[in-house]
Amino acid sequence: RYEPTWGSLDARPLPAWFDEAKFGVFIHWGVFSVPSFGSEWFWWYWQKEKREPYVKFMDANYPPGFSYEDFGPLFTAEFFDPNQWADILKASGAKYVVLTSKHHEGFTLWESKYSWNWNAVDVGPKRDLVAELATSVRNRTDLHFGLYHSLFEWFNPLFLEDATNAFNTSKFPTSKSLPELYEIVTKYQPEIIWSDGDGNAPDTYWNSTGFLAWLYNDSPVRDIVVTNDRWGAGSICAHGGFYTCSDRYNPGRLLPHKWENCMTIDRGSWGYRRDARLRDYLPIEDLVKQLVETVSCGGNLLMNIGPTHDGRIAVVFEERLRQVGSWLEVNGEAIYGTKPWRAQNDTVTPGVWYTFTPKEGKVNAIFLNWPVSGILELGEPRAKPGETQVKLAGYRELLKWVALGEKGMVIALPQLTPQQMPCQWGWTLQLTDVD
């Protein structure tokens, strides 16, 4: 049994499925999707920081005295079709999904006993959005279902009172935050608990170790659940299951501990923004590059989309997800279930990243630029004449190659028209019998 101490909890082995999955989709959805302006931090920027663009936006579009709570009934979700979402998630090639069950605004997407009249069943959609998506994902896909949960809430009076008391009182976690966590685990049995938002309070205030000890020992998901590292000030990148370290964390080198790069397709926001421009969305080339770099360095990629207040996944997000899925259909063997190789990227040719498939003993060299010459030089693999074989994923014939002394090889790529290419945006060379 795990003790409620970091020493004990951090010794728990990470369930194997998470490292094998490599790629997940994050979904930021909530009342912030109604103004859908600027950022999912809309309430904070408007009311607390009084940032000019937010104040102007409200003055221009809403009557005087309109409060953030008044956005609640406008969060309608009338076009939310959980089956359609599940099908898009499946088509993306993702192996897990993480939905924001509650963001820092405190609005829960399920009927929480601890969030009276500020949840999706009492207000707005009048639907249990968490339950509906969980059911569709589990019925229609093989994705693992996870939930994001914010520990703190910007304007909750109980939290503000505890903060005034320098967190020597704990009214908020005992009456709101912790009961919600127990509730979502018991009700929906998520396989990931993605915690966030410590409000600068230590993990002792949140009783994070007490909750995690229950989660790992006695909860219905004790054997399969995976957690992140955001459990109180000072725990990030130091405690918990996998490390996130910071948003959009991509170190570009191998780390000794399992980590995740959570990033968002919209460079400017995690929630949906009506004011986003096309240039704000990362192109598919960048998304494939992020995936390849992250996995070669031992990480998972959690790629975020923000649905609209009426429950649609915007066409641009759907397109990006389906593009990643089409790339993974060809190159998935170089991503799923792989381990980092002895070299993460190539020393001679930039834009080449390595992964290792232990079952077949294959080294995968994923290259992001197709050389004009049709010749690709790799500085890292040690090839064995007469034994080493080189294959291009999605192409039938073996490729010709020449060894370069002790280390390195030159590979002749097939001459293909754009129509004959097995895929776009990045290609995989599968090398067998190399050191």
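The values are calculated or read from the model by the stated rules, or taken from the named source; none is laboratory data. The model shown is predicted, which means the values in this text are computed figures rather than measured ones. Cβ atoms come from the backbone with ideal geometry, glycine included; neighbour counts cover every protein chain shown. Just the protein is used for accessible areas: all its heavy atoms, side chains included, with ligands, DNA and RNA removed. Shrake-Rupley method; radii C 1.70, N 1.55, O 1.52, S 1.80 Å.
Here 177, 170, 115 are screened, and the one residue that is at pLDDT 95 or above, surrounded by 18 or more Cβ atoms within 10 Å (Cβ to Cβ) and over 25 Å from residue 237 (Cα atoms) is 115. Of 247, 286, all but one fail to be free of Cβ contacts under 8 Å to residues at least 60 places away in the same chain, under 26 Å from residue 393 (Cβ atoms) and open to solvent by 40 Å² or more (accessible area, probe 1.4 Å); the exception is 286.
If you scan the range 16-42, which residues turn out to be in contact with a strand residue (DSSP E or B) (Cβ under 8 Å, 6 or more places away or on another chain), buried (at least 22 other Cβ atoms within 10 Å of the Cβ) and of a type outside the set (A, V, I, L, M, F, W, C)? If the condition is that a residue be in contact with a strand residue (DSSP E or B) (Cβ under 8 Å, 6 or more places away or on another chain), buried (at least 22 other Cβ atoms within 10 Å of the Cβ) and of a type outside the set (A, V, I, L, M, F, W, C), then 22, 24, 28, 30 are the ones that fit. Restricting attention to the range 47-71, the residues that are part of a helix (DSSP H, G or I) and surrounded by fewer than 20 Cβ atoms within 10 Å (Cβ to Cβ) total 13.
If I filter the range 230-243 for residues that are more than 20 Å from the chain's Cα centre (by Cα) and free of Cβ contacts under 8 Å to residues at least 60 places away in the same chain, do I get at least one hit? Scanning the range 230-243 turns up at least one residue that is more than 20 Å from the chain's Cα centre (by Cα) and free of Cβ contacts under 8 Å to residues at least 60 places away in the same chain. Here is the figure for the range 363-390: residues that are open to solvent by 30 Å² or more (accessible area, probe 1.4 Å), farther than 19 Å from residue 425 by Cβ and touching a strand residue (DSSP E or B) at 6+ places or on another chain (Cβ under 9 Å) total 7.
For the range 118-140, name all the residues that are open to solvent by less than 10 Å² (accessible area, probe 1.4 Å) and either under 19 Å from residue 34 (Cα atoms) or outside the structural domain of residue 23 (by the TED database) (or both). Selection gives 119, 120, 129, 130.
Filtering 397, 360, 377 for residues that are among the acidic types (Asp, Glu) and modelled with pLDDT under 95 leaves a single hit, 360. Against the condition assigned by the TED database to the domain that holds residue 260, open to solvent by 20 Å² or more (accessible area, probe 1.4 Å) and of a type in the set (A, V, I, L, M), how does residue 143 come out, does it pass? No; evaluated as a whole, the condition is false for this residue.
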